Amino acid sequence: MKSLLLLFQDILFEIEDRCHTRSALRDLKTVTKRVENEGLSFLTITLPTFAKDLEKGLEQGFVDRNLFSGFTFQAGTPQLFGGFLDLIFDRCDGRLLDNPNVDAIRGLRQLTLMFSKIKLRCAPERELNAIRKYIQCEEEVRASDRSFEAHKADFERIGAMLFSQVFTEIDREVYYGNIRPKHGSGSTADRLRGNSKYLQVEWTSRLEKTFPMSENVFHSYSAYLAKYDQLSILEPGEERPVKVVLVPKTLKTPRVIAMEPTCMQYMQQALLETIVEKLERDDILSNLISWKSQIPNQDLALLGSQFGDLATLDMSEASDRVSNQHVRSLLHRFPSFLEGVDATRSRKADVPGFGVLRLAKFASMGSALCFPFEAMVFLTVIFLGIERKLNLPLTRKTIKGLVGKVRVYGDDIIVPTDFVDSVIATLEDFGLKVNSNKSFWKGKFRESCGKDYYNGDDVSVVRLRSLFPTSRKDTSEIVSTVEFRNHLYKAGYWTAVRRLDQWIEELIPFPAVLTESQGLGRFSFLGHSEERWHPTLHHPLVKAGVIKVKLPKSDISDEGNAALTKFFLKRGDLPFADREHLVYSGRPVTIDINYRWVRPF
């Protein structure tokens, strides 16, 4: 806790110098006292709430006592950070100044959001609350399904206008069996990891109908026959449910995900690859929807903050609110594609404390198809909302004219501000929920895909993702702290960086290296260190830590059929980079740091 407060202090005084405001010493005393009384939650939960209320004030153009709950007011603004707030809002009435100080906005957001994403396990009651929200969301999806019929025809019409060409191509690929399966790297409900996934013997009758096991799990029909007696084809009532688990997100709330059975994940990955390939080849859709790059959304958010014509919307519980009925309606004209998607969709979930439940949602986070279908459903509903505002039938020409103004990346949405009210109302008609705390269109603040802007200026923050290391054994914490330090350096918080450098150097060698170096080191605009020269290659060397990842042992070197299947499913013509890929595979079980001489660039 002390180290976090020291870091907070350094950044607080740096921002004070930048803004040329009155002393922030009183702010430091207040924060220190509240941390002593409230603990880490003040830094990780309470201060981020202050940041969200600041953003609301920027959005609506004023602050009042409906915001900043739990903080003492002095006239029209909170007393805490009053010197900075005076550069943003009028202290008398709380109104936003005509030309608020961007350094003060950026600095306040850095101070209040810096610790918001530390990955720590929540209190048990918060975990239970997250599970209850998952169950409640499922009930709300069922309720919205009952009203979906009233909007179904328009939804299907807009969906066909957007996706018919791409879906026709995918439908043909599924019909002719040109879908190539692929194992994901994540954990599965049946606990198969790494190479053991190539030994899977469990399949479902729904999968068998569209994606026969003999053609997708085995490299040859003779290999399939050799294992036939060991295979298990599960009927719908016997299928393994997804396993709902909690993973650390913030101290306020965990992230709820669902681990898919291996067989489902295997064929979901196959469909995902085909969907992405076809969409990226479409001249219009590739500019409206994306899974690979967040940069287009970030660029549009920048323009929205500068000119005010583009809004940034964020969806709440995005994946859990997309109904299976939405997806079925989107695909109803493409029978083979629909059959393939339906076959790879898990219908039940094993929820801790609540047992096995049948799902109304299309898929929870964890399914390979969750992300693309939520984006396609959102895009369809967005254009339906635009059509309602225009009060004219939508055409391909209208859609093409909105390229560069509408874009969806997962649950981050860009739309023209002229259509915001209609788009939000239409999303809600479909049971989808817009997060009002993270959606902006009235003021000059915009936020999308991890980048934040005010009036064309980048006001993004650097977040600490883990607590600081206390020994060399804290490998992941060391790596996280080095990354945090380098981001802080690029953001110009150099006093805090000097303190971090001292802490890191007490644990590991910490030379200056460039981003291309494999060594773990500090980034510097002044260049790299040179501690010695290579005796034969004549380039500089530095002593630095090198990250070494240890993969779990997952040996199929003696399993000829499984090894051949892995070979035939490999993408590309190049050989496997790791010669021991048949022995070690899967997500890393440990991360170590070796210390040796490396090039600094």
Got a sec? How would Glu14, Glu208, Glu238, Glu38 order by Cβ neighbour count within 10 Å, fewest to most? Glu238, Glu38, Glu208, Glu14
Checking the cross-link filter: which lysines have an alpha carbon closer than 21 Å to that of Lys249, excluding same-chain neighbours under 8 positions apart? Lys52, Lys117, Lys119, Lys133, Lys433, Lys438, Lys451
Quick one: which of 271-280, 289-298 comes out on top by average Cβ neighbours within 10 Å, and what's the full order, highest first? 271-280, 289-298
Along the positive direction of the dipole of the chain (beta-carbon charges: Lys, Arg +1; Asp, Glu -1; about the Cα centre), which of Trp291, His528, Ile424 reaches farthest? His528
What is the dipole size for region 2-116, taken about its Cα centre, with +1 at each Lys and Arg Cβ and -1 at each Asp and Glu Cβ, in debye to the nearest 20? 280
Take peptides 520-527, 57-64 and line them up by average Cβ neighbours within 10 Å, highest first, as a rough protection proxy. 57-64, 520-527
Going by C-beta contacts inside 10 Å, put Cys263, Cys370, Cys92 in order with the fewest on the left. Cys92, Cys370, Cys263
Under 30 Å from the Cα of Lys227, which lysines turn up, not counting those fewer than eight places away in the same chain? Lys182, Lys197, Lys209, Lys243, Lys348, Lys553, Lys566, Lys570
Run the dipole for the chain about the Cα centre, Lys and Arg Cβ at +1, Asp and Glu Cβ at -1, nothing else charged, and hand back the magnitude in debye, nearest 20. 820
Those lysines that a straight Cα-Cα span of less than 17 Å connects to Lys33, excepting residues fewer than 8 apart in one chain: Lys2
Cleavage-rule hits, trypsin sites (Lys or Arg not before Pro), region 523-601, DSSP coil, Cβ neighbours within 10 Å at most 14: Lys570, Arg571, Arg579
At R0 = 51 Å, FRET efficiency that the Cβ-Cβ distance of Ala143 and Leu526 yields, to 0.05: 0.25
Name the shape class, rounded, prolate or oblate, that the alpha-carbon gyration tensor gives for region 508-601, where a ≥ b ≥ c are the square roots of its eigenvalues, rounded holds for a/c under 1.5, and otherwise prolate holds if a/b is larger than b/c and oblate otherwise. prolate
Name the long-range amide H neighbours of Ser466: under 5 Å, sequence gap of 5 or more, or other chain; modelled H, no Pro or chain starts. Lys119
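Quick note: the coordinates plus some simple rules give every number you see, no bench work behind them. All figures in this text were calculated on a predicted structure; none of them were measured in a lab. Neighbour counts run over all protein chains shown; Cβ positions are idealised from the backbone, glycine included.
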